[in-house]
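S.K.: Below is one structure. I have some questions about it.
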Amino acid sequence: MVKRTIKFTPIAASVALTLGLTACGSDNDRNIPVTPVESFTATGDAQFNIEVTGKAVKGSMKSAVVTVMTLDASGQSVPVAFRSAASAEAESFSEEALSQSAADAAVEASKIAANPEVLTDESGRYSIYLDDDFTGPVYITVKTSAEGDDSFLRCDAYVGCGDYDVAPEEDDVNDGDTAIEFGEWYKTDLELSVVKFVPAVEADTSGVSGAAGDLNVASSYKANVTFLTSLVAALLLDSGSSVDEDAIAKASLDTVVQVMGQDAALLLSAIIGDLSNGGAVDLSDVDGEEELTDGILAIAQLSSSIQGLPSIGDVMSSIKAGIKSGQFKGNADASIAAIATMLQTAITNTANVFVAIATGTEDDIKTALEAAFAAKIPAPTAGEIVAFAANSADVAKKAKAAKDKAVKNGAATDASLAAAAVKVKKALEVIGCTGAECTVGDDFYTALAAALTVEVTASQTALIALEMSIETAQSSLADVQAMGGDALTADNAAAFVSAVTLLKNEATTADLTAKADSIFVKSQGYVTAAKALVTQSSDYQQVLDSATSLQTDASVAVTDTAAYDAALAALVAEAEAAITEFDVALAAAKLVAEDTADVADEKKSVADTAEAASTSALANAENAMVDTAANATEALELAMTAVTAASDFAAAVDALEIAIEQALVAANEYLALEGEGAQAMIDALTAMQTAAVAQGELASEQFVTAYNLQLAAETAVAKLEVLTSVKATSESLSTMTVLTGTGADAVADAADILADVIDELAEMGNNSGTGTSTRNADWDYTYSLDDLTLMLSNATTGEMINAAASYEGDKLVVAWGATLKGENDVSVELVTAATQTQALTDCVDFAAGTIDATQIDSCLVFTFDGAVTADNVDDAEIIMTETANHVEIMDGDSGFTGMLSITADDATDSGSITLEGISGDVDFKVMTTYLDSDMEEASALTITVNNAMGYTLSITGNESAGYTGDVMAMYNEMMMSFGTAAKTTNGLSITYIDGDVVDYTDVDLIDSSK
C-alpha cells in the first residue's frame, strides 16, 4: 500500500534559497518572490505471500533461470515485484520525487529492484511469491543455455536427444559416449513459458502453501512450465489483448485440440481450462508429485516425443504458426504440415515404447525401442541404427527402472499404468485436427463435462480415503504425544524415541501432505475447467459446484496435514532432546532398531501373503479357456484378477523394501554406538533385502504374464463378440428371399415362361400377333418382330412381362420389365422405365458404355460374332450375354431392392452374377463366377455385407470336390476368419471358430442355371 505526502523538503529549501539569492543580486535591486518547489513522497508496505509454484519440464530443466513478469492490457510483458520466499513480515519502502506519480512509480521500482535471482532445482521446480495485492496474469519464463551457466536439460526421449559435441565424463547418469540418451543431462538453449492468472480473493483460499505447508503463504497456485503451456503463452502474448482466466482457458483448449485432437483433449479434462495445473512429468524420473493419469501421461508422451525431434525450437514455432492459422495438421504451408507428420510419427513411436515399458519385459522394451528409432523422421542411417541397437539394452533397463520408480513413488500402480498406456496409445494414434474437427461444439462440451465429472468424483473418493488416513495419523500422533511432555521419564524415554521414529517412518511412507496437495491442485484445475464450461452454458453449473466444494474440502486436508507435519516435527525435536536429557542414546537406538525390524517383518508377512494370492490368481488365469464366449468372459475376469493381484504384490514388495531401508538405517545407527547384536540385525535385514529384490522381480514377471493373459482374453472376448454378429448376419442372409431356393425359383420360373413363349412364337413364323400361350396357360401375348416388342400378361395372377429390343451393330439390346409371382405370394418385379421407348434408349446407351448400371433399370445385351440385323440374326452366334436388372422382391418379410447383373461369355464358357442391394435392413452384395471346363463347372461365390464389420462369405469349388470357403469379418482393423463354410445338398453349413456348427437350409447360393 502506498501513502502519499506533500512537504517542503531540504531539497526544496535549497532550491528556493539559491533562487532568492540570485534575485537579490540583480541590478535593479528588485526583490523577486520565488515559489518553493514541492516534493512528493510515497511510502508503502509489501508482503509477498501469494505463492506461484511449479516445475519446468521438457525433461527436467535444472538450474534454469526463472524470469517473472506480468502482462499489461495489451498483452505486453512488464516487470512485477516478487520474492523467492514468503514474507514473514512486511517490507517497507519510501521514495521521494517531484510528482506524486513519480514517487509512486519509484516505490514500485524499489520493490522490483529487490527481485531476487531464481533458479530451478534438479527436478525443474521453482517457487516465487507475489505481493498480496497482486491480481492478474503472471508471465514466467524458464531458460536453459548451451553456454555460460550451470543449467541443464534432461533427456526423456526414449530414442535419444541427439549427440554431444564432446562426450561427457562417465558418471552415474551419463555413460560417457557421444549419444545423448534417455535420462542423461545435456546443455542446450531452450526457453519455456507459462501465463498464470492470479484472481482477486477476499479471503484465504488455501490456508497454507500447496507446496510446502508454509504458514506465511496466503494462497498458492500451481504454474507448471511445459511445452503446451509455452504454446498457450505465445498465443496469449501475440493476441495483443488483456489476459484473464477465460482467455487462458480458450487458448488452452485451442492448443490441445490443434496439437492432440478432440479425443485426446477429453483425456485432459482435469486441466483443460489451464494446462499449467498439470503435465510437468519427466518420464525418466517420475517423482510421484503428479499422478500418471491418462491425460498427464498423454502430455508427458507428447513432451518426450518433441524432445526427440531434431529442433525443439522449430517444432514450437511451426505448431504456434499452425494454431494461429486455424489448423496445424495438414496446414497449407508444407513445412508446417511436415512438422505435423514428423510429430505424429514420433508420438506413435513413444506410445508404442511406453506400452512395452508398462506391460512387458526389458526384451520387449528393447524391441520397441529399436523399432521406434528405425521409424524416426528424418530416417536414421544404417550406422545410426546399429549404434542405437548396441545401447538399446541399457536404455531399456533405464526405462524399466524409471517406470518402477514411478510406481514406487506412488504416481501409479502397475495395473493402472498398463491400462493408461494402452488407452493413451489409442488416443494418440491420430493426433491433431483438420477442417471442422478443429472447432469444438456442444457435443464436445457435453463429453468434456462428463469426463470432468468422472475426474471430480474420483478425487472426491480419494479425498474421503485421505481424510480417514489423516484421522488415523492424528490418532497415532496423539498417542505418541501422550508419552511425551510431563509423562516423559528416564524409564520411558527410549520407548518414546522409538515411538516417534516409527511415527515418522509411517508419515514418510504415507506422504499424506503430498496426497493432500495433489488433490488440492487437481481441484484448482477442475474449478478452472468447470468455469470454462459454465461460460458455454449454465447447464454445467452443477459441475462447477462440485469442483468448488472439492476444492474447499481439499484445502482443509492441506491444512490438516500441514498441522500434522508441524506437530510431528515438534515430537522429533522432543525425542532428540530426550535422548540427551535422559542419556538413553544406546537404549533408544537398540529399541528403534528392534522395532523397525519388527515393522519390516510385518511388511514381509504382507508381501508373502500378496505373493501367494498373486501366484494363485495367475494359476487360475493360466488354466482358463477362451474357446467360447462364456469361457472367454470368465477367463478375462480371472486374468484381470491376476493383474490386480500381481500389482498388489508389487506394491507390497515396495512397502517391504522401504521398511527394510528404514530398519537398516536404525540398525546401522545402533551399530555406530557399538550396540550388541547390531551386526546380526544388519545381516538379517540384508538377507531380507536380497529376498525382497527377488520378490520384486517375481512380482514383475507375474504382472507381465497376467497382463498378457488379459490381452489374450480381451482379444478372445472381442472376437467372440464379433462372432455373435457374424452368426446373426449369416442367419439374416439365409432367410432372405432373394438368396433362398424359393426366391431363386420365382425368377427362374418366370424366365422359363418367357423362353417358352418366345420359342412358341418362333415356331409360328409370324411377324406379329396376339394370343394365348399353348404351353403356359393363362398367359396372353402381344408381339411384333418388326418393332421388336413383346408383352406377356397373366390375368389370373396379375403377372406381366414386357420387352423391347434394338439391333445395335454386333449387339441386340433388350429393355425389359416384369411383375412376377412366386410361391408363398412372393412378388418379383424387374423395374423398367415409364415407357418402353425411354427404357430402350437407356439400355442402348448402357450397351454403348456411355452410362453405367446405376443409371438404368433392366437391360439385356446379346453380343454376336458380327454385326446383326433382323435378316441375319438367325445365322449369328452369341458370344456374350450381359444383363443388368433393377429388381424388387416383396414377400412381406425381408424383401429385396437392388441390381441383378449377369454376364455369360460363351467363348470361354464362363460367367458372373452380381446381386447388390438391400434386404430388410441388410445392405449386401453377392458375386458369383463360374467356369465350364471340359470336366465340370467350377464356381466361386462371395457375399459381402456393407456393415461396420465387413462380413464376407466366400465359397469356391465344384460339384464333385464340393464347395468350401470362409466367413470373414473385420477385427482389430483387419479381416480375419470366423469360420469355414461348405455347400450342402440343400444349403450351407458353417463351422465357426468357437466350434459351433450351424446348417442353413433352403439356401440356393450357387446354381448357374438360374
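The values are calculated or read from the model by the stated rules, or taken from the named source; none is laboratory data. Because the structure is predicted, anything quoted here is derived from the model rather than measured. Positions of Cβ are generated from backbone atoms using ideal geometry, with glycine treated the same way; all protein chains shown enter the neighbour counts.
S.K.: Can you pull out every residue in the range 424-436 that is surrounded by 15 or more Cβ atoms within 10 Å (Cβ to Cβ) and assigned to a helix (DSSP H, G or I)?
M.R.: Within the range 424-436, V424, K425, A427 qualify.
S.K.: Another question, then. Do any strands (runs of 3 or more DSSP E) entirely within the range 806-918 hold 3 or more residues that are surrounded by fewer than 17 Cβ atoms within 10 Å (Cβ to Cβ) and among the β-branched types (V, I, T), and if so, which?
M.R.: Ranges flagged: 878-890.
Residue-wise test of (1) surrounded by fewer than 24 Cβ atoms within 10 Å (Cβ to Cβ); (2) more than 18 Å from the chain's Cα centre (by Cα).
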| position | (1), (2) |
| --- | --- |
| D254 | yes, no |
| V281 | no, no |
| E289 | yes, yes |
| I299 | no, no |
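S.K.: Any chance you could count how many residues in the range 301-314 are modelled with pLDDT under 90, surrounded by 17 or more Cβ atoms within 10 Å (Cβ to Cβ) and assigned to a helix (DSSP H, G or I)?
M.R.: Count: 2.
S.K.: I need a count of the residues in the range 722-774 that are on the phi > 0 side of the Ramachandran plot and either in contact with a Pro (Cβ under 8 Å, 6 or more places away or on another chain) or at pLDDT below 85 (or both).
M.R.: Residues that pass the stated criteria total 1.
Residues checked against (1) modelled with pLDDT under 90; (2) under 20 Å from I431 (Cα atoms); (3) assigned by TED's automatic domain parsing to the domain that holds Q258:
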{"site": "G326", "(1), (2), (3)": "yes, yes, yes"}
{"site": "I339", "(1), (2), (3)": "no, yes, yes"}
{"site": "A346", "(1), (2), (3)": "no, yes, yes"}
{"site": "F354", "(1), (2), (3)": "no, yes, yes"}
{"site": "T367", "(1), (2), (3)": "no, no, yes"}
{"site": "A375", "(1), (2), (3)": "no, yes, yes"}
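S.K.: So, one more: crowded, with 17+ Cβ neighbours inside 10 Å, at pLDDT below 80 and assigned to a strand (DSSP E or B): is that true of L941 in this structure?
M.R.: Yes, satisfied.
S.K.: Looking at the range 467-501 only, could you name the residues that are assigned to a helix (DSSP H, G or I) and hydroxyl-bearing (S, T, Y)?
M.R.: S469, T472, S475, S476, S498, T501
Yes or no, residue by residue, for (1) under 17 Å from E51 (Cβ atoms); (2) surrounded by fewer than 15 Cβ atoms within 10 Å (Cβ to Cβ); (3) of a type in the set (A, V, I, L, M):
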site	(1), (2), (3)
S87	yes, no, no
E91	yes, no, no
L98	no, yes, yes
A106	no, no, yes
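S.K.: Same structure, new question: Could you list, in sequence order, the residues of the range 543-571 that are among the polar types (S, T, N, Q) and under 19 Å from A249 (Cβ atoms)?
M.R.: S546, T548, Q551, listed by residue number.
S.K.: Suppose we filter the range 357-368 for residues that are part of a helix (DSSP H, G or I), farther than 18 Å from G308 by Cα and of a type outside the set (V, I, T); how many remain?
M.R.: Total satisfying the criteria: 4.
S.K.: Right, something else. Answer with yes or no whether E634 is surrounded by fewer than 22 Cβ atoms within 10 Å (Cβ to Cβ), outside the structural domain of L664 (by TED's automatic domain parsing) and assigned to a helix (DSSP H, G or I).
M.R.: Taking the combined requirement at face value, the residue does not satisfy it.
S.K.: D414 is checked against (1) surrounded by fewer than 22 Cβ atoms within 10 Å (Cβ to Cβ); (2) assigned by TED's automatic domain parsing to the domain that holds D294 and fails just one. What number does that condition carry?
M.R.: Tallying (1) surrounded by fewer than 22 Cβ atoms within 10 Å (Cβ to Cβ); (2) assigned by TED's automatic domain parsing to the domain that holds D294, D414 fails exactly one: (1).
S.K.: I'd like the full set of residues that are among the small types (G, A, S) and within 30 Å of S284 (Cα to Cα), limited to the range 58-77.
M.R.: G59, S60, S63, A64
S.K.: Yes or no: K504 of a type in the set (K, R) and either in the same structural domain as D595 (by TED's automatic domain parsing) or over 30 Å from Q541 (Cβ atoms) (or both)?
M.R.: yes
S.K.: Within the range 315-334, how many residues turn out to be part of a helix (DSSP H, G or I) and loosely packed, with under 13 Cβ neighbours inside 10 Å?
M.R.: 1
S.K.: Considering only residues that are in contact with a helix residue (DSSP H, G or I) (Cβ under 7 Å, 6 or more places away or on another chain) and either at pLDDT 95 or above or hydroxyl-bearing (S, T, Y) (or both), which ones fall in the range 315-324?
M.R.: S318
S.K.: Right, next: Exactly one condition in (1) among the small types (G, A, S); (2) within 17 Å of G432 (Cβ to Cβ); (3) in a helix (DSSP H, G or I) is false for A371; which is it?
M.R.: Result: A371 passes all but (2).
S.K.: Another question, if that's okay. Of the residues that sit in the range 597-618 and are of a type in the set (A, V, I, L, M, F, W, C) and over 36 Å from the mean Cα position of the chain (by Cα), which one is nearest to D654 (Cα to Cα)?
M.R.: A600
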